[in-house]
Structures are given as structure tokens and as C-alpha cells.
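The values are calculated or read from the model by the stated rules, or taken from the named source; none is laboratory data. All figures in this text were calculated on a predicted structure; none of them were measured in a lab. Every residue, glycine among them, receives a Cβ derived from its backbone with ideal geometry; neighbour counts consider all protein chains shown. With ligands, DNA and RNA removed, areas are computed over all heavy atoms of the protein, side chains included. Shrake-Rupley method; radii C 1.70, N 1.55, O 1.52, S 1.80 Å.
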Amino acid sequence: MSDRNCLIKNAIVNGKKQDLLIENNIIKKIGNIDDAIDKEETKVIDGNNKIVIPGLINTHTHIPMTLFRGVADDLPLMDWLNNYIWPMEAKLNADIVYAGTLLGCLEMIKSGTTTFNDMYFFLDGIVKAVDEMGMRAVLSYGMIDLFDGEKRKKELKNAEENIKMIKKLNNERIGVALGPHAPYTCSKELLMEVHEMAKKYNIPIHIHMNETLDEIKMVKEKTGMRPFEYLNSFGFFDGVSVIAAHCVHLSDEEIKIIKEKKINVSHNPISNLKLASGIAPIPKLVENGINVTLGTDGCGSNNNLNLFEEIKISSLIHKGATLNPTIINTKQSFEFATKNGAKALDLKCGELKEGYLADIALIDLNKPFLIPKENIYSHLVYSFNGNVDTVIIDGNVVMENGKMLNVNEEKIYEKAEKAYYKLIN
Ligand SMILES: O=c1[nH]cnc2c1ncn2[C@@H]1O[C@H](CO)[C@@H](O)[C@H]1O
Ligand SMILES: [Zn+2]
């Protein structure tokens, strides 16, 4: 029996009890499907008491940082990076990164995420784990030159080699992007070359922007401009697709640039709360028609990869901040994590539609916190804990009834524990 023909019977799909047929890696049909299905060739999943949702899309993370979970809590960004995270990251290698990525993929699959947009190091280790776990990902090598010319050359060379390595894989599930870390860690020369490279290879740029007041002050002192104005002054946003993570502190002029240049925003409310960076002006961005998506950031600043928490917090935090309970409703925050994420990554998924990629999750509704089963789409935002039942990515069933089909979970935990001890010793 091939996993790649799959019929989900009698589930809630787009608010209605119906069936969903997957052929190869595509949602072939949604409706009442009985006829002409070859039961020998088709895997049938009982969807009774279950809801089908599009797999979630995490648009900003550093996946191997699962190994940094809990190691440096309760610190501000610059102290956290300079004195804790960067010294530990100096000990990384491809094996450690591989172990952290296996764990991260497992955690994401179990909480309904099927695609993630990543920025990190040792991409050969990340690629290997993503491939084995069957996830969809866009990967970028995180470049930091700290304004040093030699370092810049090395970082650009490394980035280009990674682009070639990933393109050569020809793996439909694994895409590549460019990841200049941020305007306070990357020189103008590096950013300009990144822009050229993004055009040359026709790939997106993934960058941290306006996360803290400190970094904005640093950029302003150096350039006389706020970060978005500075990058815009040398055409960084022209003719390329950009995913800007955080965007916590923005001037009206910067919001105008984001709108005009069609920059995708990755909102990471939990990371921003934990590092006390601030609260992003998401309602204002939505009002301006800007594409808002959701990210968890790495497990050093979250400390998990459960995007359902991000959906809930993004619906709550702006209500509290604006004293307006009507702001960011359940449909909007759910779309941040699905449809909008797909748009940012230029993928045909994030919605349950015929012809779209078969990246989906099934949730068992027989849970105390999902009863009564009447307003399920509200429950998914405000009361679900993220534990999904079954996950299908690119037409492959990777988890069924809470059990991973092709990987040994215990081995992943063991590997991650071992890798962690290598990092801290
Ligand atoms: O919230 C954050 N702000 C800035 N840098 C971060 C954050 N989270 C992780 N990293 C850092 O970004 C680099 C990845 O290329 C890593 O050094 C990682 O620790
Ligand atoms: Zn980050």
C-alpha cells in the first residue's frame, strides 16, 4: 500500500463533515468520495470525531536550538546572545546540529507544523534531519560578519556553497534562502551582496529586523537612519522576496516601506515577550494589508516550537495592548500560521483546497478542552494544546494516531541528550 494515495473519511474539512482524497502529494478532491476508489491502493483514515487542518507554517526559527532549551532564561537579547548563546554556538558541529534538528522536527510534527523557515549553521546536518523526518523547510545559512571584511568574504562563500548544495539535492520539500542575521551584525557590503545573490539565484531573504530598541539605536548611531530606512536606502528590498522576523519597533515611515516593498513579517510574540523586546504593532500592519505570519524563534527564547501557542498569544496580546477585544480575531491569527505563511514562502499550501500540496494535520476532537464540538475553530485558537493526532506532509503520512511511522522517537531523545552534553561540557 502506498502512503501517497490516502482517503480521509468523514472528517470535519472546511467546517463541514466530508472526505478528503490525497493523490501523490496533492489534495485531489474534497467532498463525498466513495466511488471508484481502489481500496487496495488507497490508505483509508477514519476521520470520525476529527478535524482536518492545513499543516502550520513556522516562518522564523533556528531549529537546532532545541538543544538550548532552558540554558539561558530571563535575560535581555544582547546579554543572551553575547554572553550565553554565541559562546555555546562556537562548539557546534554538523552532528550536534543534526541531533537538535531531529528533535525539533519531531516536536513540530507533534504540534501540527509541517513547514518551517530556518536560519542557522551546519546546514548539511539540518538537511539530513529534515529529509529523514519528512518535513518541508526553507533553510538559510545565518551570516554574521560583525563588520569585518575577511569574515564577510567567508560568510558569503559559505552561503553560496549552501545554496548550491541544497539546489543540487533537488528535493521538492527542501528550499533555500539567504540569511543575513540582522543590520546590527552584518555590514552594508554584506547586505548588498546578499541582495545580488538573492536575485541571481531567485531565492528569498530571511533576516531579523527591529527586534529591540537597543539595536535600532545602534543602527541609528552608525547610519543616521532607522533599520528599514537604512536597508531601503541601498535598494535592499527591491526585486526580492523578504521575510523580516520580529518587526517589534517600527516608525510610520518604516511601516510604509514594509507595505510598499511587500515585505513579509514574521511575528514572534512569545520570543519578544521572553526577551522583553516589546510587542509588535501587528494590528497596524494588518490594517495596512501587510502579510503577517507567525514564528516561534529558536528554543533558546521561546522555549518550545508549538506554533499553536503563538496563534493563541497573537490573538490575545494585541487585545491587551490596545484595550480592544475585537482586534486580531480567531480567523486572522489562524491564517497568520497557515495561509499567510504559505504566501510568504511562495508555497501552494496553508489551505485545504483541491490542487494544493497535501500538508495537513488531523486533530482528535474527543478531548475535554475541545468540547462542546460546536465552535471548533475558536477552540483551535483559544483552547487547544497543540497535540495533533495525525500528520501528512507532501502526501506522506509521517505520524498516525500520535505515533511516528518512520522514525524511532526514543533514539531521537537519546541523540539530543548526548548532543546537549557535548555542548555544555
Ligand atoms: O531572537 C533572536 N534575535 C537575534 N538572534 C537570534 C535570535 N534567536 C536566535 N538568534 C541567533 O541567530 C543566529 C542564527 O543564524 C544564531 O547565532 C542564533 O543564536
Ligand atoms: Zn531569531
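A few points about this structure:
- Enumeration of residues in region 159-178 that are assigned to a helix (DSSP H, G or I) and either touching a strand residue (DSSP E or B) at 6+ places or on another chain (Cβ under 7 Å) or outside the structural domain of L106 (by TED's automatic domain parsing) (or both): A159, N162, I163, I166, K167
- Residue within region 310-317 that is surrounded by 24 or more Cβ atoms within 10 Å (Cβ to Cβ) and away from ligand 1 (no atom under 16 Å from the Cβ) present: yes
- Some residue of region 145-158 being touching a residue at least 12 places away in the same chain (Cβ under 8 Å), away from ligand 1 (no atom under 12 Å from the Cβ) and in contact with a strand residue (DSSP E or B) (Cβ under 8 Å, 6 or more places away or on another chain): yes
- Residue-level analysis places I109 outside the set of residues that are touching a residue at least 24 places away in the same chain (Cβ under 8 Å), surrounded by fewer than 24 Cβ atoms within 10 Å (Cβ to Cβ) and touching a His at 6+ places or on another chain (Cβ under 7 Å).
- Every residue from region 363-384 that is in contact with an Asp or Glu (Cβ under 9 Å, 6 or more places away or on another chain) and not in a helix (DSSP H, G or I): I363, D364
- Condition met for K353 (surrounded by fewer than 22 Cβ atoms within 10 Å (Cβ to Cβ), part of a loop (DSSP other than H, G, I, E, B), free of Cβ contacts under 8 Å to residues at least 12 places away in the same chain and touching a strand residue (DSSP E or B) at 6+ places or on another chain (Cβ under 8 Å)): no
- Residue match in region 50-68 (condition: over 16 Å from the mean Cα position of the chain (by Cα) and under 23 Å from I412 (Cβ atoms)): yes
- Flag if I243 is within 14 Å of ligand 2 (Cβ to nearest atom), under 30 Å from N25 (Cα atoms), among the β-branched types (V, I, T) and modelled with pLDDT of 95 or more: yes
- I328 being open to solvent by 10 Å² or more (accessible area, probe 1.4 Å) and either among the charged types (D, E, K, R) or not assigned by TED's automatic domain parsing to the domain that holds K28 (or both): no
- Scanning region 366-419 for residues that are within 21 Å of P64 (Cα to Cα), open to solvent by 30 Å² or more (accessible area, probe 1.4 Å) and in contact with a helix residue (DSSP H, G or I) (Cβ under 6 Å, 6 or more places away or on another chain) returns a single hit, K415.
- Here the helices (runs of 4 or more DSSP H) wholly within region 42-157 that include at least 3 residues being touching a helix residue (DSSP H, G or I) at 6+ places or on another chain (Cβ under 7 Å) and assigned by TED's automatic domain parsing to the domain that holds F334 are 94-110, 123-133.
- Sole exception among (1) more than 16 Å from ligand 2 (Cβ to nearest atom); (2) touching a residue at least 24 places away in the same chain (Cβ under 8 Å) for N303, by number: (1)
- Region 42-68 - residue that is aliphatic (A, V, I, L, M) and more than 12 Å from ligand 1 (Cβ to nearest atom) and, of those, surrounded by the fewest Cβ atoms within 10 Å (Cβ to Cβ): V44
- Flag if G15 is within 23 Å of L380 (Cα to Cα), surrounded by fewer than 17 Cβ atoms within 10 Å (Cβ to Cβ) and without any contact (Cβ under 8 Å) to a residue 24 or more places away in the chain: no
Here is a yes/no grid of residues against (1) over 28 Å from E89 (Cα atoms); (2) in contact (Cβ under 8 Å) with a residue 60 or more places away in the chain; (3) away from ligand 2 (no atom under 16 Å from the Cβ):
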site	(1), (2), (3)
G278	no, yes, no
L285	yes, no, yes
A337	yes, yes, yes
A344	yes, yes, no
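- Complete set of residues in region 352-362 that are within 20 Å of the chain's Cα centre (by Cα) and farther than 22 Å from I174 by Cβ: L352, L362
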